[in-house]
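So the structure is just underneath, and the comments pick up after that.
The values are calculated or read from the model by the stated rules, or taken from the named source; none is laboratory data. What you are looking at is a predicted structure, and each value in this text was computed from that prediction instead of being measured. Cβ atoms come from the backbone with ideal geometry, glycine included; neighbour counts cover every protein chain shown. Keep in mind that these areas ignore ligands, DNA and RNA; they rest on the heavy atoms of the full protein, side chains included. Shrake-Rupley method; radii C 1.70, N 1.55, O 1.52, S 1.80 Å.
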Amino acid sequence: MTEPYVFTGTILPERAPITLQFSAGFRHFHSGVEGTARVSIVLNQLAVHVSTEHEWDIFDLRNVVLSLVQGQLAMVGYLLGHAYEVQLARAISLSRGIDRVFGIDVPCVSGRCAAEHIDASLAELRILASGENGIYISRCFEDLRLAMKNADDTAFYCYRALESLRHHCALLSGQPDADKKVQWELFRKAAACEESSIRAIKSEADPLRHGAINPNQHDRAGILTVTWDIVGAYVKNAASGFNASVA
């Protein structure tokens, strides 16, 4: 029998003890590849043994395991009224030459801001996120955080982040009650982006926004990259007082 992949991690918060064991078969929605996972949680310490004949990209398999365990904990959380979060730290399959500790970065969007510029950039963002309209900036960045953490729902969170910025732009432009088409035009001008870029994200997000599954989402890196480009351009323009130029 092929050696299983072993994942280890932690269930957060650790101050809310949980112990749970279960086994479950799974089928990767996009590729159709099948496998079986044996999950053991003992006092919030997580171990998952994945049996499969497929040679996985370890990041794809991590996302499958994360979704599987988080889904079970979502049901437990519903029953108990608890909000648990899964943190996968390591994957091991020695026969395949795999022993990886996962970082928290998403390679396609990490490293955009040099370490020496973090303080200045953060101060700029704090200003945008303050005041009555700042809630839309805060919501945008929270959705981008969720987009990085939830692979299957990346497009959903990316598009909702852009929708928050559309509202922010409309308010600063004095057009909070304008038709959505007008607001999107204002936002695209402020973000210096093409309509096709936003529509591409929307088309991936629409099934997810309506509770369906999107079997066609395959370019997660592309969705994240384009979203980061749009948000970055918008934030830069907004910080320099774009409202006069787009109103």
- Pick from L88, L94, L73: which is open to solvent by less than 30 Å² (accessible area, probe 1.4 Å) and under 22 Å from T2 (Cβ atoms)? L88
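May I ask you to verify whether E204 is farther than 22 Å from L125 by Cα and crowded, with 20+ Cβ neighbours inside 10 Å? Before the answer, list the steps.
Working: farther than 22 Å from L125 by Cα: yes; crowded, with 20+ Cβ neighbours inside 10 Å: yes.
Here the answer is yes, as E204 does meet what is asked.
Within the range 22-33, is even one residue touching a residue at least 40 places away in the same chain (Cβ under 8 Å), within 21 Å of D153 (Cα to Cα) and open to solvent by 50 Å² or more (accessible area, probe 1.4 Å)?
Step one: list which residues in the range 22-33 are touching a residue at least 40 places away in the same chain (Cβ under 8 Å), which gives 22, 24, 26, 29-30.
Subsequent filtering for residues that are within 21 Å of D153 (Cα to Cα) retains 26, 29-30.
Remaining after also requiring open to solvent by 50 Å² or more (accessible area, probe 1.4 Å): 29-30.
Yes, the range 22-33 has at least one match.
Under the condition of being farther than 18 Å from L46 by Cα and in a helix (DSSP H, G or I), which residue from the range 76-85 is most open to solvent (accessible area, probe 1.4 Å)?
Narrowing the range 76-85 to residues farther than 18 Å from L46 by Cα: 78-81.
Remaining after also requiring in a helix (DSSP H, G or I): 78-80.
Values: Y78: 179, L79: 134, L80: 103 Å².
Among those that are farther than 18 Å from L46 by Cα and in a helix (DSSP H, G or I), it is Y78.
Output the residue which, of all residues in the range 14-47 that are part of a loop (DSSP other than H, G, I, E, B) and in contact with a strand residue (DSSP E or B) (Cβ under 8 Å, 6 or more places away or on another chain), is farthest from A74 (Cα to Cα).
V33
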- State which residue pairs qualify: first residue on the phi > 0 side of the Ramachandran plot and inside the range 148-168, second residue open to solvent by less than 10 Å² (accessible area, probe 1.4 Å) and of a type in the set (A, V, I, L, M) in any location, beta carbons under 9 Å apart, and separation of 6 or more residues or different chains. none
- Message: Just to be sure before I move on: is E124 of a type in the set (D, E), assigned to a helix (DSSP H, G or I), within 28 Å of S240 (Cα to Cα) and in contact (Cβ under 8 Å) with a residue 60 or more places away in the chain in the structure I sent?
- Response: yes
- Mind counting the residues in the range 171-196 that are buried (at least 16 other Cβ atoms within 10 Å of the Cβ), among the hydrophobic types (A, V, I, L, M, F, W, C) and under 17 Å from Y136 (Cα atoms)? 6
- Within the range 180-205, the residues that are closer than 15 Å to T225 by Cα and free of Cβ contacts under 8 Å to residues at least 24 places away in the same chain are E194, S196, R199
- Message: Just to verify a result, which residue in the range 149-170, among those that are open to solvent by 30 Å² or more (accessible area, probe 1.4 Å), assigned to a helix (DSSP H, G or I) and modelled with pLDDT under 95, is farthest from R199 (Cα to Cα)?
- Response: K149
- State all residues of the range 59-113 that are more than 17 Å from T10 (Cα to Cα) and among the aromatic types (F, W, Y); if no residue qualifies, say none. F59, Y78
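Inside the range 39-58, can you point out the residues that are open to solvent by 10 Å² or more (accessible area, probe 1.4 Å), in contact (Cβ under 8 Å) with a residue 24 or more places away in the chain and under 20 Å from I11 (Cα atoms)?
L43, Q45, A47, H49
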